[in-house]
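*Asks:* Sharing a structure here in structure tokens format.
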Amino acid sequence: MTAEPIDIRRKRLIHRSLYTGMKETDLLLGGFARACVTGFDSRQLDLYEALLQEPDPAIFAWAIGREATDASRQAITREIRGFENIVYQEGVKVVHLDPQMIELLDRYPTSLGFLNRSGLLAARTKPVILALDGVEPSPENVIANRYPVWLEMGLIYKPDRLTDGARAFLAFVGSPAGAQILRHHGIVAAAAAH
């Protein structure tokens with residue numbers, strides 16, 4: 001038997017995601033599939049196809065949403081067409097804070113959700129990180145403008161009120177060793193990113 005070409009498999013899975021048999025799941029998976037499946041490699045397609053084997057109510061119950069004001073959701077909405085139209089139905093757990101998302105991902109290891117890279121490192125459950133258009137969400141890809149979804153963050157302080165410990169912390173964060181630790185957790189300086 002001849003293996004299905006990967007581009008045909010991607011199209012088949014996108015179509016299947018749009019027409020699951022349950023409107024709520026169509027809305028949840030359809031926009032995701034259109035935005036992401038075209039960039040999946042064969043391992044990611046295997047995982048996604050296994051997910052689609054599950055009953056629609058189970059898939060919908062596994063979903064974990066983020067509030068509209070959440071920075072992660074806003075970053076994804078900025079880059080993925082249609083994501084802003086996702087409406088979470090009854091039964092979807094909606095959280096705002098990263099620790100809540102990590103807790104739910106650890107409690108329900110087969111659930112779907114989204115979280116920033118440094119938050120993923122805090123989860124006990126080994127997450128499957130999905131590429132967008134075939135590009136992994138790494139600091140190097142963000143710096144090179146190959147991965148479009150990123151969060152802008154800032155370290156805010158009042159210079160005249162810093163303790164000696166706070167000054168030492170800021171000096172460390174700005175040092176090569178501090179930058180290396182931040183980069184390991186998916187955080188890059190704005191000057192490097194843009």
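*Asks:* Is it true that Gly134 is on the phi > 0 side of the Ramachandran plot and surrounded by 14 or more Cβ atoms within 10 Å (Cβ to Cβ)? Can you show your working first?
*Replies:* Details: on the phi > 0 side of the Ramachandran plot: yes; surrounded by 14 or more Cβ atoms within 10 Å (Cβ to Cβ): no.
Here the answer is no, as Gly134 does not meet what is asked.
*Asks:* Please state which of the following conditions Met101 fails to meet, knowing it meets all the rest: (1) assigned to a helix (DSSP H, G or I); (2) modelled with pLDDT of 70 or more; (3) farther than 20 Å from Leu47 by Cβ.
*Replies:* Status for Met101: all satisfied but (3).
*Asks:* Of all the residues that make up region 1-42, how many are buried (at least 18 other Cβ atoms within 10 Å of the Cβ), farther than 18 Å from Gly113 by Cβ and among the aromatic types (Phe, Trp, Tyr)?
*Replies:* Number of matching residues: 0.
*Asks:* Among the residues of region 33-50, which ones are free of Cβ contacts under 8 Å to residues at least 40 places away in the same chain and closer than 17 Å to Tyr147 by Cβ?
*Replies:* Val37
*Asks:* Something else about it: Can you name the residue in region 43-54 that is farther than 15 Å from Ile129 by Cα and aliphatic (A, V, I, L, M) and is also surrounded by the most Cβ atoms within 10 Å (Cβ to Cβ) among such residues? Walk me through it before giving the result.
*Replies:* Start the filter on region 43-54 by keeping residues that are farther than 15 Å from Ile129 by Cα, which leaves 49-50, 52-54.
Adding the requirement that they be aliphatic (A, V, I, L, M) leaves 50, 52.
Values: Ala50: 10, Leu52: 15.
Among those that are farther than 15 Å from Ile129 by Cα and aliphatic (A, V, I, L, M), it is Leu52.
*Asks:* Then there's this: Suppose the filter is within 29 Å of Ile6 (Cβ to Cβ), at pLDDT 75 or above and outside any loop (DSSP other than H, G, I, E, B); does Thr38 pass it?
*Replies:* Working: within 29 Å of Ile6 (Cβ to Cβ): yes; at pLDDT 75 or above: yes; outside any loop (DSSP other than H, G, I, E, B): yes.
Considered against the rule, which asks whether it is within 29 Å of Ile6 (Cβ to Cβ), at pLDDT 75 or above and outside any loop (DSSP other than H, G, I, E, B), Thr38 comes out as yes.
*Asks:* Looking at region 126-144, which of the residues that are without any contact (Cβ under 8 Å) to a residue 40 or more places away in the chain and in a loop (DSSP other than H, G, I, E, B) is farthest from Arg107 (Cα to Cα)?
*Replies:* If we filter region 126-144 for residues that are without any contact (Cβ under 8 Å) to a residue 40 or more places away in the chain, which is where we start, we get 126-127, 129, 136, 140-141, 144.
Restricting the remaining residues to those that are in a loop (DSSP other than H, G, I, E, B) gives 126-127, 129, 136, 144.
Working: Lys126: 12, Pro127: 13, Ile129: 18, Glu136: 25, Ala144: 35 Å.
If we take residues in region 126-144 being without any contact (Cβ under 8 Å) to a residue 40 or more places away in the chain and in a loop (DSSP other than H, G, I, E, B), then Ala144 is farthest from Arg107 (Cα to Cα).
*Asks:* Being among the hydroxyl-bearing types (Ser, Thr, Tyr) and under 12 Å from the mean Cα position of the chain (by Cα) is the filter; apply it to region 116-146 and report the residue that is modelled with the lowest pLDDT. Let's see the steps before the verdict.
*Replies:* The initial filter retains those residues of region 116-146 that are among the hydroxyl-bearing types (Ser, Thr, Tyr), namely 118, 125, 138.
Add one more test, that the residue is under 12 Å from the mean Cα position of the chain (by Cα), and what stays is 118, 138.
On the way: Ser118: 70, Ser138: 80.
Among those residues, the one meeting the criterion is Ser118.
*Asks:* For residues in region 144-194 being hydrophobic (A, V, I, L, M, F, W, C) and either touching a His at 6+ places or on another chain (Cβ under 7 Å) or under 22 Å from Pro127 (Cβ atoms) (or both), which is surrounded by the most Cβ atoms within 10 Å (Cβ to Cβ)? Break it down stepwise before answering.
*Replies:* Of all residues in region 144-194, those hydrophobic (A, V, I, L, M, F, W, C) come to 144, 149-151, 153, 155-156, 162, 166, 168-173, 177, 179, 181-182, 187-193.
From what is left, the residues that are either touching a His at 6+ places or on another chain (Cβ under 7 Å) or under 22 Å from Pro127 (Cβ atoms) (or both) are 149-151, 153, 181-182, 187-188.
Details: Val149: 18, Trp150: 21, Leu151: 16, Met153: 11, Ile181: 12, Leu182: 15, Ile187: 18, Val188: 17.
Within region 144-194, the match that is surrounded by the most Cβ atoms within 10 Å (Cβ to Cβ) is Trp150.
*Asks:* Of the numbered conditions (1) over 22 Å from Asp7 (Cα atoms); (2) modelled with pLDDT of 80 or more, Gln44 fails exactly one; give the number of that condition.
*Replies:* For Gln44, the exception is condition (1).
*Asks:* Something else now. Of the conditions (1) assigned by TED's automatic domain parsing to the domain that holds Glu54; (2) in a loop (DSSP other than H, G, I, E, B), Tyr147 satisfies every one except a single condition; which number is it?
*Replies:* With (1) assigned by TED's automatic domain parsing to the domain that holds Glu54; (2) in a loop (DSSP other than H, G, I, E, B) applied to Tyr147, the lone miss is (1).
The values are calculated or read from the model by the stated rules, or taken from the named source; none is laboratory data. These numbers come from a predicted model, not from an experiment. All Cβ positions, glycine included, derive from the backbone under ideal geometry; neighbour counts span all protein chains shown.
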